[in-house]
Amino acid sequence: MSPSSRVMDGKEYEADQAEVVDDQSDAAEVNVAFAPFPRVALRAQGIHQYLRLRMR
């Protein structure tokens, strides 16, 4: 297993292209990635940036 790979449900995934995105610039993707309640909770805690990892 390489440093950028992880095993989930018995399958190995490799992630690359790490990118920091904020909830204002990419609202559509944030809406898909997080359910409504977690989005509200993250905003209430002042969390507005997320690390996006693309799966290879």
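Go ahead and estimate [θ] at 222 nm for the chain from helices alone: -39,500 (n - 2.57) per DSSP H run with n ≥ 4, summed, over the residue count, rounded to 500.
Value at 222 nm, helices only: -7500 deg cm²/dmol.
Between residue 24 and residue 54, what's the calculated FRET efficiency when r is the beta-carbon distance and R0 is 25 Å? Round to 0.05. Mind showing how you got there, number by number?
Numbers: r = 21 Å, r/R0 = 0.83.
Here the calculated transfer efficiency is 0.75.
Send over the semi-axes of the chain's equivalent ellipsoid, whole angstrom and largest first, taken as the square roots of 5 times the C-alpha gyration tensor eigenvalues.
25, 13, 10
Are there any GluC sites (Glu not before Pro) in the chain that are in a DSSP loop and have at most 16 other Cβ atoms within 10 Å? List them by number.
Working: sites: 12, 14, 19, 29; in loops: none.
Loop-located and lightly packed - none at all.
Local charge sum around residue 19 (other residues, Cβ-Cβ under 13 Å, Lys/Arg +1, Asp/Glu -1)?
Details: positive: 52, 54; negative: 16, 22, 26, 29.
In short, -2.
In whole Hz and in residue order, list the ³J(HN,Hα) couplings for segment 28-35 that follow from phi through the Karplus curve 6.51 cos²θ - 1.76 cosθ + 1.60, θ = phi - 60°; x for Gly and Pro.
Working through the residues one at a time gives 4, 5, 5, 5, 6, 6, 10, 5 Hz.
Computed from the coordinates by the stated procedures, all read-outs in this text should not be read as laboratory data. Please read these numbers as outputs of a predicted model, since none were measured by experiment. Reconstructed Cβ throughout: ideal geometry from the backbone, glycine too, with neighbour counts over all protein chains shown.
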